[in-house]
Amino acid sequence: MTTENPAPLDPVQPRTIIGRMPKYAAGKPPREVPGLSAFKLSSNENPLPPIPEVMDAIRAQLEINRYPDPLSTKLRNALSEFLSVPADDIVTGAGSLGALTQILATFAGQGDDGVQDEVVFAWRSFEAYPIVVETAGALPVQVPLLADGRHDLDAMAAAVNENTSVILLCTPNNPTGPALRTGEVEAFIAKVPSNVLIVIDEAYQEFVRDPQAVNGIDTYRRHPNVMVLRTFSKAHSLANLRVGYSVSHPEVTNHIRVVATPFAVSSVAEDAAVASLAHFDKVVERVQKVVDERTRVVAGLRELGWQIPDADGNFVWLQLGANTAEFAELASEQALAVRAFGNEGIRVSIGEVEANTRFLEICRNYPKAPTLS
């Protein structure tokens, strides 16, 4: 009896777009250096833990053998009262990125006629934008930032065409830092067709102190094609629990619910978020500590002659160009993990006081301070 070798099978292949998509790079942990405490300043995490009431709520959640409420009813009701918006206008998701993925799955992709929708956003901006846009089957349209790290809203408006379905506005912009202002956003909205969805991504909204900064909730109330993304990851110190949400009018929200991921927000995350909202005054106190440190870091950098964009989030941006990798290595040698973006620059999260002071000292001794030209 003879046996023949079976013909080799063709390997399973992903969608062709997968090979062309950028890869998301999470912030790396710090290097351990003898004699130095290591600090991770590479992921825009809140260095402070959740408030005690949140930890109590997490410990009290025992029904982890049960599926969570797929509509996150308790959280949506709490947010409804907190934001003064209808609960039906809120859709929860696994962080603001999960909420954004649901939005793009609903409003951006490839139509039955084979034409791709286009999604316009500033660049550089949140690293996941091109990934989730292309995953949805849509075409990312990246509009370069201005020299000061701000959105070029005139150029973004000019990029809108008959195929544009969604526009993403990241404010404060990650990784550069400036927040959009109300007047410029209103002028931008006036230039955009009313059938284009404008998403205001406010992951860092609680850290903003500019009185002219846009407030997404106020803007959504005025415009039916505007929606807001927010998260509990940053200000509320709940990054690990993955709870975010979008706010939009019913004609938008009703469609998102069709594709929203079931059970995306666990009951542990929901109870933690509800507890955090119930004691928001304590959250504000902790956020202000981060803002105070941000103010110290920004002032310190500028006193040293560093030219940096306005910092309205919980991070600062160093436009280091070709010196990016060198600076990141210097920080690593001092047990600080920072986030390098190619040959563009470094994003440094505001961390513990000791970490921030060490970062400023590195900048003091670094001879190649960037300009914004």
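With open to solvent by less than 10 Å² (accessible area, probe 1.4 Å), closer than 25 Å to Asn225 by Cα and out of contact with any Cys (no Cβ under 8 Å at 6 or more places or on another chain) as the only criterion, which of Ser96, Ser72, Ser84 stands out?
Working: Ser96 fails: open to solvent by less than 10 Å² (accessible area, probe 1.4 Å); Ser84 fails: open to solvent by less than 10 Å² (accessible area, probe 1.4 Å).
The match here is Ser72.
Just need a number here: residues in the stretch 333-359 that are surrounded by fewer than 18 Cβ atoms within 10 Å (Cβ to Cβ), under 25 Å from the mean Cα position of the chain (by Cα) and in a helix (DSSP H, G or I).
1
Okay, residues lined up against (1) among the polar types (S, T, N, Q); (2) assigned to a helix (DSSP H, G or I):
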{"position": "His255", "(1), (2)": "no, yes"}
{"position": "Ala275", "(1), (2)": "no, yes"}
{"position": "Val284", "(1), (2)": "no, yes"}
{"position": "Gln288", "(1), (2)": "yes, yes"}
{"position": "Arg294", "(1), (2)": "no, yes"}
{"position": "Val297", "(1), (2)": "no, yes"}
{"position": "Gly305", "(1), (2)": "no, no"}
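Could you list, in sequence order, all residues of the stretch 148-203 that are open to solvent by 10 Å² or more (accessible area, probe 1.4 Å), over 19 Å from Asp218 (Cα atoms) and of a type in the set (A, V, I, L, M, F, W, C)?
Once the filter is applied, which keeps residues that are open to solvent by 10 Å² or more (accessible area, probe 1.4 Å), over 19 Å from Asp218 (Cα atoms) and of a type in the set (A, V, I, L, M, F, W, C), the stretch 148-203 yields Leu153, Ala155, Ala157, Ala158, Ala159, Val160.
Just one of (1) open to solvent by 100 Å² or more (accessible area, probe 1.4 Å); (2) modelled with pLDDT of 90 or more; (3) touching a Lys or Arg at 6+ places or on another chain (Cβ under 9 Å) trips up Lys28, so point out which.
The single condition Lys28 does not satisfy is (2).
Report yes if Gly114 is crowded, with 17+ Cβ neighbours inside 10 Å and on the phi > 0 side of the Ramachandran plot, otherwise no. First the steps, then the outcome.
On the way: crowded, with 17+ Cβ neighbours inside 10 Å: no; on the phi > 0 side of the Ramachandran plot: yes.
In short, no.
Is one or more of the residues making up the stretch 37-46 touching a Leu at 6+ places or on another chain (Cβ under 7 Å), at pLDDT 95 or above and aromatic (Phe, Trp, Tyr)?
Yes, the stretch 37-46 contains a residue that is touching a Leu at 6+ places or on another chain (Cβ under 7 Å), at pLDDT 95 or above and aromatic (Phe, Trp, Tyr).
So which residues in the stretch 71-82 are in contact (Cβ under 8 Å) with a residue 60 or more places away in the chain and over 23 Å from the mean Cα position of the chain (by Cα), if there are any at all?
Lys74
Kindly establish whether Leu304 is under 25 Å from Trp123 (Cβ atoms), touching a helix residue (DSSP H, G or I) at 6+ places or on another chain (Cβ under 8 Å) and at pLDDT 95 or above. Before you say what the answer is, go through the steps one by one.
Numbers: under 25 Å from Trp123 (Cβ atoms): no; touching a helix residue (DSSP H, G or I) at 6+ places or on another chain (Cβ under 8 Å): yes; at pLDDT 95 or above: yes.
Criteria not met by Leu304.
So which residues in the stretch 251-267 are within 18 Å of Ala239 (Cβ to Cβ), of a type outside the set (Ser, Thr, Tyr) and out of contact with any helix residue (DSSP H, G or I) (no Cβ under 6 Å at 6 or more places or on another chain), if there are any at all?
Correct list: Val265 only.
Of everything in the stretch 322-332, what is buried (at least 16 other Cβ atoms within 10 Å of the Cβ) and without any contact (Cβ under 8 Å) to a residue 24 or more places away in the chain? Give them in sequence order.
Passing the criteria: Thr324, Ala328.
Just one of the numbered conditions (1) in contact with a Leu (Cβ under 9 Å, 6 or more places away or on another chain); (2) surrounded by 13 or more Cβ atoms within 10 Å (Cβ to Cβ); (3) charged (D, E, K, R) is not true of Lys368; which one?
Among (1) in contact with a Leu (Cβ under 9 Å, 6 or more places away or on another chain); (2) surrounded by 13 or more Cβ atoms within 10 Å (Cβ to Cβ); (3) charged (D, E, K, R), the lone unmet condition for Lys368 is (2).
Give me the pairs, please: first residue somewhere in the stretch 284-307 and over 16 Å from Asn46 (Cα atoms) and of a type outside the set (Ser, Thr, Tyr), second residue anywhere and open to solvent by 80 Å² or more (accessible area, probe 1.4 Å) and in a helix (DSSP H, G or I), beta-carbon distance under 8 Å, and either six or more positions apart or on two chains.
Matching pairs, first to second residue: Leu304/Arg364.
For the structure I just gave you, tell me whether Asp310 is outside any helix (DSSP H, G or I), acidic (Asp, Glu) and open to solvent by 20 Å² or more (accessible area, probe 1.4 Å). Please lay out each step first, then the result.
Numbers: outside any helix (DSSP H, G or I): yes; acidic (Asp, Glu): yes; open to solvent by 20 Å² or more (accessible area, probe 1.4 Å): yes.
Criteria met by Asp310.
When the stretch 175-192 is examined, which residues are found to be under 19 Å from the mean Cα position of the chain (by Cα) and small (Gly, Ala, Ser)? Write out each step before concluding.
As a first pass, look at the stretch 175-192 and keep what is under 19 Å from the mean Cα position of the chain (by Cα): 175-181, 185.
Once the filter is applied, which keeps residues that are under 19 Å from the mean Cα position of the chain (by Cα) and small (Gly, Ala, Ser), the stretch 175-192 yields Gly177, Ala179.
Looking at the stretch 117-142, which of its residues are buried (at least 19 other Cβ atoms within 10 Å of the Cβ), farther than 23 Å from Phe188 by Cα and small (Gly, Ala, Ser)?
Answer for the stretch 117-142, where residues must be buried (at least 19 other Cβ atoms within 10 Å of the Cβ), farther than 23 Å from Phe188 by Cα and small (Gly, Ala, Ser): just Ala136.
For residues that are open to solvent by 20 Å² or more (accessible area, probe 1.4 Å) and part of a loop (DSSP other than H, G, I, E, B), scanning just the stretch 204-218, find the one that is farthest from His236 (Cα to Cα).
My answer is Gln212.
The values are calculated or read from the model by the stated rules, or taken from the named source; none is laboratory data. Quick caveat, the model's predicted, so the values are computed rather than measured. We place every Cβ from the backbone using ideal geometry, glycine too, and count neighbours over all the protein chains shown. What goes into the accessible areas is simple: the full protein's heavy atoms, side chains included, and nothing from ligands, DNA or RNA. Shrake-Rupley method; radii C 1.70, N 1.55, O 1.52, S 1.80 Å.
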